[in-house]
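Novice: Structure below; questions to follow.
The values are calculated or read from the model by the stated rules, or taken from the named source; none is laboratory data. This structure is a prediction, so every number in the text was calculated from the model and none was measured. Cβ placement follows ideal geometry from the backbone for every residue including glycine, while neighbour counts extend to all protein chains displayed.
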Ligand SMILES: NC(=O)c1ccc[n+]([C@@H]2O[C@H](COP(=O)([O-])OP(=O)(O)OC[C@H]3O[C@@H](n4cnc5c(N)ncnc54)[C@H](OP(=O)(O)O)[C@@H]3O)[C@@H](O)[C@H]2O)c1
């Protein structure tokens, strides 16, 4: 294992380990036999002390303060240590980890929330940025627990997250705002709701209940601007058709869109004969 034997059970420091994802990661590591030392604003070791105690330090704090925390801990880490983060955006945190430390650096994004019991079948994005020693250890730990790893650059990760999280959650927010703005009574809406709407109401509730998480994921992704432009153009196209009140034109547009998808690109299939 390039000098890191799996029998070595060293402590891992988690700054933000009192929060949702940090607690999740601490439980996961402890399940694998690695003692987790956690900290929050009012608990646990200060960043410099964390770096002294732990050969691997993970940053799992709100996106807006991630850069500041990396600046506080990075200079205290040794070149042979690991600095890693769990942030939902990767370009800025990875850039800061490289700049403010001389340690090995890996960006990690678990593509799920802290409510999950196990890693089995879950997607995890990895952005290896500096060093060779820690990567096999991390890969082994995640893969042996059934995670599906995808390795990429921080920039590509953020580009893809503009779709996976940015426009997806923005669309959820807009639908929630439309439902609330309509003035319809919640009880009436529920009595008239279909299973699809009920599923969507659950998703809307989830996004509205955690603005601290979703607002930066949406507003700090620089790639989202381009996707919002595409969204507006597609919505305007659909609106023009809907305003004509012609279902056949809309049906043809759906068929055309499905048939004209970029070869090899993501597409939905349409069933014309139904
Ligand atoms: N939640 C998710 O679904 C999810 C999924 C994947 C990745 N992530 C990423 O994981 C990271 C943490 O998210 P989370 O949902 O776990 O957030 P969270 O539950 O709010 O936890 C945030 C943690 O950061 C600490 N913290 C808050 N403000 C701080 C500050 N100014 N200085 C130092 N520490 C501070 C908190 O400590 P105290 O409150 O104890 O002071 C807490 O331990 C984020 O970067 C997020 O993008 C989240």
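Novice: For the condition part of a helix (DSSP H, G or I), at pLDDT 95 or above and surrounded by 10 or more Cβ atoms within 10 Å (Cβ to Cβ), what is the one hit in 184, 173?
Specialist: Details: 184 fails: part of a helix (DSSP H, G or I).
Selected residue: 173, the only one of 184, 173 that is part of a helix (DSSP H, G or I), at pLDDT 95 or above and surrounded by 10 or more Cβ atoms within 10 Å (Cβ to Cβ).
Novice: Right, residue 17: near the ligand (Cβ under 8 Å from one of its atoms), in a loop (DSSP other than H, G, I, E, B) and in contact with a strand residue (DSSP E or B) (Cβ under 6 Å, 6 or more places away or on another chain) or not? Give the steps one after another, and end with the answer.
Specialist: On the way: near the ligand (Cβ under 8 Å from one of its atoms): yes; in a loop (DSSP other than H, G, I, E, B): yes; in contact with a strand residue (DSSP E or B) (Cβ under 6 Å, 6 or more places away or on another chain): yes.
Yes; evaluated as a whole, the condition is true for this residue.
Novice: Which condition breaks for residue 16 when tested against (1) in contact with a helix residue (DSSP H, G or I) (Cβ under 8 Å, 6 or more places away or on another chain); (2) surrounded by fewer than 18 Cβ atoms within 10 Å (Cβ to Cβ)?
Specialist: Evaluating residue 16 over (1) in contact with a helix residue (DSSP H, G or I) (Cβ under 8 Å, 6 or more places away or on another chain); (2) surrounded by fewer than 18 Cβ atoms within 10 Å (Cβ to Cβ) leaves (2) as the failure.
Novice: Applying the selection to the range 77-90, what residues are free of Cβ contacts under 8 Å to residues at least 60 places away in the same chain, within 16 Å of the ligand (Cβ to nearest atom) and more than 17 Å from residue 137 (Cα to Cα)? Spell out the reasoning first.
Specialist: Taking the range 77-90 and keeping what is free of Cβ contacts under 8 Å to residues at least 60 places away in the same chain, we get 77-85, 87.
Among the residues that remain, those that are also within 16 Å of the ligand (Cβ to nearest atom) are: 83-85, 87.
Answer for the range 77-90, where residues must be free of Cβ contacts under 8 Å to residues at least 60 places away in the same chain, within 16 Å of the ligand (Cβ to nearest atom) and more than 17 Å from residue 137 (Cα to Cα): just 87.
Novice: Continuing with the same structure: Can residue 50 be described as in contact with a helix residue (DSSP H, G or I) (Cβ under 9 Å, 6 or more places away or on another chain) and more than 26 Å from residue 211 (Cα to Cα)?
Specialist: Working: in contact with a helix residue (DSSP H, G or I) (Cβ under 9 Å, 6 or more places away or on another chain): yes; more than 26 Å from residue 211 (Cα to Cα): yes.
Yes, satisfied.
Novice: If you don't mind, another one. Going through the range 26-76 one residue at a time, which ones are on the phi > 0 side of the Ramachandran plot and either near the ligand (Cβ under 8 Å from one of its atoms) or surrounded by 14 or more Cβ atoms within 10 Å (Cβ to Cβ) (or both)?
Specialist: Of the residues in the range 26-76, the ones on the phi > 0 side of the Ramachandran plot are 33, 44.
Within the range 26-76, just 44 meets the criteria.
Novice: So, one more: Return the pairs, sorted by first residue and then second, in which the second residue is surrounded by 11 or more Cβ atoms within 10 Å (Cβ to Cβ), the first residue lies in the range 235-247 and is under 18 Å from residue 167 (Cα atoms), the beta carbons are less than 9 Å apart, and the residues are 6+ apart or on different chains.
Specialist: Pairs found: 237/253; 238/250; 238/253.
Novice: On the basis of being surrounded by 18 or more Cβ atoms within 10 Å (Cβ to Cβ), more than 15 Å from the ligand (Cβ to nearest atom) and in contact (Cβ under 8 Å) with a residue 24 or more places away in the chain, does residue 155 make the cut? Walk me through how you get there before you give the answer.
Specialist: Working: surrounded by 18 or more Cβ atoms within 10 Å (Cβ to Cβ): no; more than 15 Å from the ligand (Cβ to nearest atom): yes; in contact (Cβ under 8 Å) with a residue 24 or more places away in the chain: yes.
No; evaluated as a whole, the condition is false for this residue.
Residues checked against (1) over 21 Å from residue 56 (Cα atoms); (2) surrounded by 14 or more Cβ atoms within 10 Å (Cβ to Cβ); (3) more than 21 Å from the chain's Cα centre (by Cα):
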residue: 101; (1), (2), (3): no, yes, yes
residue: 106; (1), (2), (3): no, yes, no
residue: 112; (1), (2), (3): yes, yes, no
residue: 133; (1), (2), (3): no, yes, yes
residue: 141; (1), (2), (3): no, yes, no
residue: 162; (1), (2), (3): yes, yes, no
residue: 192; (1), (2), (3): yes, no, yes
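Novice: Restricting to the range 94-120, count the residues that are in a helix (DSSP H, G or I) and in contact (Cβ under 8 Å) with a residue 40 or more places away in the chain. Break it down into steps so the answer makes sense when it comes.
Specialist: Quick first cut of the range 94-120, residues in a helix (DSSP H, G or I) only: 94-100.
Filter again for in contact (Cβ under 8 Å) with a residue 40 or more places away in the chain, leaving 94-95.
Total meeting the criteria: 2.
Novice: Here is a follow-up. For residue 148, work out the one condition from (1) over 30 Å from residue 128 (Cβ atoms); (2) in the same structural domain as residue 67 (by TED's automatic domain parsing) it doesn't fulfil.
Specialist: (1)
Novice: I'm trying to understand the selection: among the residues of the range 91-111, which are closer than 17 Å to residue 16 by Cβ and within 10 Å of the ligand (Cβ to nearest atom)?
Specialist: Selection gives 93, 108, 109, 110.
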